[in-house]
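Data first, discussion second: the structure below is written as structure tokens.
Bear in mind these aren't lab numbers, they're just calculated from the coordinates by the rules spelled out. It should be emphasised that the depicted structure is a prediction, and the values quoted were computed from it without experimental measurement. Positions of Cβ are generated from backbone atoms using ideal geometry, with glycine treated the same way; all protein chains shown enter the neighbour counts.
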Amino acid sequence: MVLFINPPSTNFGNYLSMSAEPLENHLLILEDDQGRKEFTLEKPVYSIGRDRDCNIRLRSQFVSRHHATLVRLPRKNSHHGYYYRIVDGDAKGKPSSNGLMINGRKVGAYDLRNEDEIVFGPQVRAIYYLLKNIQPPGPTDASEYDITLINPGMTDDMDDF
């Protein structure tokens, strides 16, 4: 059986020109002395460090108890988008002992972008990913389509075209 879907007579150019709102997923992949872990970032603030109270716990003697803080900030000119800024040290402003390296450069604070590498100490690093999915322009209603079913035996006649 062959299935043909014929679009409705409406102008699809209107659908294609509509701006789809990107859906963002923020992901932090961490590697430390205990292996690899993935964290989906959704909260407004994360504490990162060796301490048990940290949201993202680093397993290494070479990192500070409160090594860094991730803060979610709204993206300018966007109603729904946001980004994460990583700041060296705890939420009270006390810096870590060894600092942060982002993409090979020592920084005190940095607005994360897709595939940034964060080094907290020897053999303790993370990669930040900003994954964007495009949402379709609107819900699809099955009544919008004319569906024609063709019996496979009917396709033999189509070879003449």
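Annotations
- Spherically averaged projected area of segment 22-134 from its Cα convex hull (nm²): 6.9
- Environment charge of I102, counting only residues whose C-beta is closer than 13 Å and scoring Lys/Arg +1, Asp/Glu -1: 0
- Spin-label model distance (nm) - V45 vs N133, 7 Å beyond Cα toward Cβ: 3.0
- Taking a point 7 Å from the Cα of N55 along the Cα-to-Cβ direction, the residues of segment 85-109 with backbone N closer than 16 Å to it are 85-93.
- Near L28, once Lys and Arg are set to +1 and Asp and Glu to -1 for all other residues with Cβ below 14 Å from its Cβ, the sum equals 0.
- Stretched out straight at 0.36 nm per residue, the stretch from Y82 to E24 would grow longer than its current Cα-Cα span by 20.0 nm.
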